[in-house]
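Reviewing the structure listed below.
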Amino acid sequence: MTDPQGLPVRRRILAVIALSLGSLLLMIDATISGVILPTIATALGVKGSATLLVVTVYQLILAMTLLPLAALGDRIGYRRMYQAGFVLHSIAGVMCLFVDSLPFLIAVRAIQSLAAAAAMSVGVAMLRQVYPPQRLGSGLALNTIFNASGTAVAPILGGFIAAYADWQWAFVAVVPLTIISLIFSRALPDPVPHEHPFDLRGAALCSLTFGLLIAGLEATVHTDYLFTSLFVMTMAGVSAWFLVRHEKHEAQPVLPVDLLARADLGLTALGTLMGTIGSMIIMLSMPFRLQEGYGFSVGEIGGMMSAYALASLVFAPVAGALSDRIAVPILCTIGTLVASVAMVTIATMPEEVTHVDVGWRLFLCGAGFGFFFSPNARFLVGSAPKSRAAAAGSLFTTTRMLAMAFSATLVAALLAMDLGTSSVPAYVGFVLVLLTAVVSATGLRRKRTA
């Protein structure tokens, strides 16, 4: 069994390599398709809008399967679920070399998404077994660095491959990292299977609920059938009602209603949802505002937007390390207050701005969110019972995915009303982030640390 103080140092290093490479390659795989969609459309002779299904299906499968696979990982052991995910991911990656049609590509990407969900569902939970409790914040911070690096590297790698090789290689590029992560995964904590029965009904309802919700949100953005989209989201609400009603009576629920019932963890999940929406509103709306409102080129916008990513990359690990010593609600409150101030500076940008004017505002915004998300994840995962660590980790990931989907819908609606290129998105983000600060501050009175 895993030592409650984490793995021995030598084995811990090997396990961290496995999990870090896993995080890197999964983030590359999840985001690399965006930059090569025009190339795919030309190569396969289809409309560019049709290729968006490649991204939509990937996100849909992730949302539908993260929590059920986390529950299954609890039953069969985290390491087995993690390794099974990467074996399947490698097989699907090789299959991408033979793709010659859009339906075939969508099917293979669905398999890769399922494989990614298997690894993601237990990855954060294993960090809790790898590190001693007093080092968990630092471990999550390191994991954040590799997640952010993967997101940053993906567009560069995808563009390079599309320019000098067949586009199929973009989906095969991470296979060597997958194999290396699998080799090092032997050092991960030994599987500790549980005998409790798998909640099959809960898993089906969970997949149906999140699948309908994501599909409805995506439909509002990519189709003109608003009433159909609203009907789909209404059905998601009905399915959610049956899901919660069922899960209340389960000892090991797939949807962690037992964790959400705790005031501290419920508020942390709510903060994650609102904070992610606030941050994504800025990330999605700013390129439109900078291009249409200020006349910057795409290259200039990319350089300025990188200030946000750079700040997150610097301050997230710092906040994660501090969360091992300072009360998490304090760090989260400070981070969201800094981000809310940054939102105001973005909303009130003058009519004439330079690259530096935009860059320091986005840097301040990224620093604030960096100080929020890393300790927030540490509290959510570290405060849950060890037997529910996988559920807590998947809850965090699923919550962020739902927030990203809702953000895209919200920004699309603002753009449709000719408000997306104004200061309105920044003010909406400010209100959400300020509410997140209030939620985080409630934890100060509880004097709880992860």
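The values are calculated or read from the model by the stated rules, or taken from the named source; none is laboratory data. Just so we're clear, the structure is a prediction, and the values are computed from it rather than from any experiment. Heads up, the Cβs are rebuilt from the backbone with ideal geometry, glycines too, and the neighbour counts pull from every protein chain shown.
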When the range 140-156 is examined, which residues are found to be more than 17 Å from the chain's Cα centre (by Cα) and either surrounded by 20 or more Cβ atoms within 10 Å (Cβ to Cβ) or basic (Lys, Arg) (or both)? none
Among (1) exposed (fewer than 12 other Cβ atoms within 10 Å of the Cβ); (2) modelled with pLDDT of 85 or more, where does Leu226 come up short? (2)
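One line per residue, one yes/no per condition, for (1) at pLDDT below 80; (2) of a type in the set (S, T, N, Q); (3) in a helix (DSSP H, G or I); (4) within 22 Å of Leu37 (Cα to Cα):
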position	(1), (2), (3), (4)
Val122	no, no, yes, no
Leu127	no, no, yes, no
Gly139	yes, no, yes, no
Ala152	yes, no, yes, yes
Ala163	yes, no, yes, yes
By residue number, the members of the range 95-126 that are under 17 Å from Val172 (Cα atoms), buried (at least 21 other Cβ atoms within 10 Å of the Cβ) and within 17 Å of the chain's Cα centre (by Cα) are Gln112, Ser113, Ala115, Ala116
Return the total of residues in the range 232-276 being acidic (Asp, Glu) and not in a helix (DSSP H, G or I). 1
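Of the residues that sit in the range 284-311 and are closer than 26 Å to Phe396 by Cβ and at pLDDT 80 or above, which one is surrounded by the most Cβ atoms within 10 Å (Cβ to Cβ)? Before the answer, list the steps.
From the range 284-311, those closer than 26 Å to Phe396 by Cβ are 284-286, 305-311; that's our starting set.
Now drop any that are not at pLDDT 80 or above, which leaves 285-286, 307-308, 310-311.
Working: Ser285: 26, Met286: 24, Ala307: 21, Tyr308: 24, Leu310: 18, Ala311: 23.
Here the answer is Ser285.
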Complete set of residues in the range 188-246 that are in contact (Cβ under 8 Å) with a residue 12 or more places away in the chain, charged (D, E, K, R) and over 24 Å from Gly73 (Cα atoms): Glu218
Would you mind stating whether Gly320 is at pLDDT below 80, part of a helix (DSSP H, G or I), over 26 Å from Ser422 (Cα atoms) and over 15 Å from the mean Cα position of the chain (by Cα)? yes
Suppose we filter the range 338-359 for residues that are touching a Lys or Arg at 6+ places or on another chain (Cβ under 8 Å), in a helix (DSSP H, G or I) and of a type in the set (A, V, I, L, M, F, W, C); how many remain? 2
Out of (1) surrounded by fewer than 21 Cβ atoms within 10 Å (Cβ to Cβ); (2) free of Cβ contacts under 8 Å to residues at least 40 places away in the same chain; (3) closer than 22 Å to Ser440 by Cα, what's the single condition that is false for Leu337? (2)
Of the conditions (1) part of a helix (DSSP H, G or I); (2) over 15 Å from the mean Cα position of the chain (by Cα); (3) not charged (D, E, K, R), Phe396 satisfies every one except a single condition; which number is it? (2)
Residue under question is Ser239, and the condition is that it be at pLDDT 85 or above, crowded, with 19+ Cβ neighbours inside 10 Å and within 19 Å of Ser121 (Cβ to Cβ); does it hold? no
Just the residues that are without any contact (Cβ under 8 Å) to a residue 60 or more places away in the chain and in a helix (DSSP H, G or I), please, taken from the range 292-301. Val298, Gly299, Glu300, Ile301
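Just to be sure, is Gln129 closer than 20 Å to Val94 by Cβ and buried (at least 18 other Cβ atoms within 10 Å of the Cβ)?
Here the answer is no, as Gln129 does not meet what is asked.
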As an exercise: evaluate Ile183 against (1) surrounded by 15 or more Cβ atoms within 10 Å (Cβ to Cβ); (2) part of a helix (DSSP H, G or I) and give the number of the one condition it does not meet. (1)
Is it the case that the range 363-379 has a residue that's of a type outside the set (A, V, I, L, M, F, W, C), in contact with a Cys (Cβ under 6 Å, 6 or more places away or on another chain), assigned to a helix (DSSP H, G or I) and crowded, with 21+ Cβ neighbours inside 10 Å? yes
